[in-house]
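J.: Attaching a single structure in structure tokens format; questions to follow.
What follows is calculated from the coordinates using simple rules that are stated; it is not laboratory data. All of these numbers come straight from a predicted model, not from anything done at the bench. Cβ placement follows ideal geometry from the backbone for every residue including glycine, while neighbour counts extend to all protein chains displayed.
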Amino acid sequence: MTPANDLDSMDSLADFRNRFVHSPHDDLIYLDGNSLGRQPAAVGQVIEQVVNREWGERLIRGWNEGWLDISGSVGDLIGELLGARSGEVILAENTSACLYKAAVAALRSQPEKSNVLTDSENFPSDIQILRSACDSAGFHHKVTVVDTSSASDPTGALLAAVDDSTALISLSHVSYKAGWRWNLKEINEAAAKVDALTLWDFSHSVGAVPIDVQSDGVTLAVGCTYKYLNGGPGAPAFIYLRSDQDHLANPITGWFGTAEPFSFDASSPPASGIQRFLTGTPHVVSAALIRPGVEMLLEAGMDRVYEKSVGLSQRFIELCDQRLSPLGFEVRSPRDPQRRGSHVAVFHPDAQAVGLALINEKSVIPDFRPPDLLRFGFAPLYTSFTDVDSTVDRIVELVEDGGVDRWRNETPLVP
């Protein structure tokens, strides 16, 4: 195995690491960018501009000096990462609200169909939102959750459930637990054969793996901006709507989704294009903070980002097999990088205790998903190959010195 220092010295993305804010504790290894990305250093300049100058000095004049356009302008940047056309991506509320709006719009466009397909590995909140969308769209709609948790062929299990009653297939592109990655084109083509729509959640894939919504035939998608896009905690989500879907209507109408919001006319018709999926006032400050992270990804190029993602995760998997497997750990993510996102799920019977011990004793931050999985997220712009090796070293040290026992009975509020 090539020494980690050699790989870091050859890494064409290595300089990006210094463009993020790091802990004053130099030995901290952060492997939870799949939940919350690091803060880009340029965010400080954005806060100075948007908060201190625009809000502090220009006050309400800021609406006519860029604030009105921020949802669309940052949306277009994200659209570049997705391979979308200009005007097909816009920032809105959080992922759940965006998913709800998109799902209801899709279902109301197909009143003759009744079934929404998703899978058991989808994010639980997404499944809850889909059920709420069915309740809102019509009493005959229902959600069918295909069990893919133990399927040797999740794609086959899902596609076996597709039939003429299928109105919508809604999946997380990369599953939040095991990191399984769906083939966008394959699922979209299967949906098209029965005239169903697809709605993707890109939260765990955008900024980490290549996405080309045009070539893959994506119609509808949503996603968060605080994971691999490094937009900050609670940053607004986005909606992607292919420009030929003019028949889809926003189910939560509000003034910013109308053609003339400042006419203050309750009868104002919907805005044209993706703008119609806005509802309330844009999140100006938090929207502005998304821009630096997206710009860095565009500068780096998703081909290079993905190449490093695969290199980091593959190295971690190999080291887990060699050094952690004898200690009771087992990789639960797909071995094939074409079927995996940028995080690796690792089983251990005391996964929560291992995670807490790593955070509190070994300065490694992964995360835990019940009942028995640790997730290690590899964000290529700031994770090094040395981080991978050092993490495995620290896990071995932790187990051997009894750290698991010291944290077995602790339960954090946020796992």
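J.: Can you pull the Kirkwood radius for segment 178-262, inverse mean 1/r over Cα pairs, to one decimal in Å?
T.: Working: mean 1/r = 0.0678 Å⁻¹.
Kirkwood hydrodynamic radius for segment 178-262: 14.8 Å.
J.: Take 200, 407 and order them by how many other Cβ atoms sit within 10 Å, fewest up front. Write out the running numbers ahead of the final one.
T.: Values: 200 28, 407 21.
Least to most surrounded, the residues fall as 407, 200.
J.: Of all DSSP beta bridges in segment 45-298, what percent run antiparallel (nearest 5)?
T.: Close to 35 percent.
J.: Let me ask you something else. Would you work out the charge dipole size for the chain about its Cα centre, treating the Cβ of every Lys and Arg as +1 and the Cβ of every Asp and Glu as -1, and quote it to the nearest 20 debye?
T.: Details: 34 positive and 55 negative charges, 132 e Å.
Here the size comes out at about 640 debye.
J.: To continue, here is another question. Along its principal axes, what span do the Cα atoms of the chain show, with the longest given first and each in whole Å?
T.: 68, 58, 40
J.: Within the chain, what is the number of lysine pairs with alpha carbons under 27 Å apart, leaving out pairs fewer than eight places apart on the same chain?
T.: Taking the Cα cut-off of 27 Å, the pair count is 22.
J.: Which stretch or stretches of segment 1-30 have amide N atoms under 11 Å from the point lying 7 Å from residue 299's Cα along the Cα→Cβ direction?
T.: 15-20
J.: Here's a follow-up. Can you put 319, 31 in order of Cβ neighbours within 10 angstrom, beginning with the fewest?
T.: Values: 319 20, 31 25.
So the ranking, lowest neighbour count to highest, is 319, 31.
J.: Taking the Cα centre as origin and putting +1 on Lys and Arg beta-carbons and -1 on Asp and Glu beta-carbons, what dipole magnitude results for segment 263-364, to the nearest 20 debye?
T.: Numbers: 11 positive and 11 negative charges, 21 e Å.
So the magnitude is around 100 debye.
J.: What order do you get for 223-234, 145-156, 273-284 when each peptide is scored by the mean count of other beta carbon atoms within 10 Å, highest first? Each step should come with its number before you reach the end.
T.: Details: 223-234: 24.7, 145-156: 14.8, 273-284: 19.9.
Highest to lowest by the protection proxy: 223-234, 273-284, 145-156.
J.: I need 348, 204, 247, 173 ordered by Cβ neighbour count within 10 Å, fewest first.
T.: Working: 348 21, 204 27, 247 8, 173 24.
Going from least to most buried by this count: 247, 348, 173, 204.
J.: Roughly what would the spin-label model give for residue 8 and residue 409, points 7 Å off Cα along C-beta, in nm?
T.: 3.9
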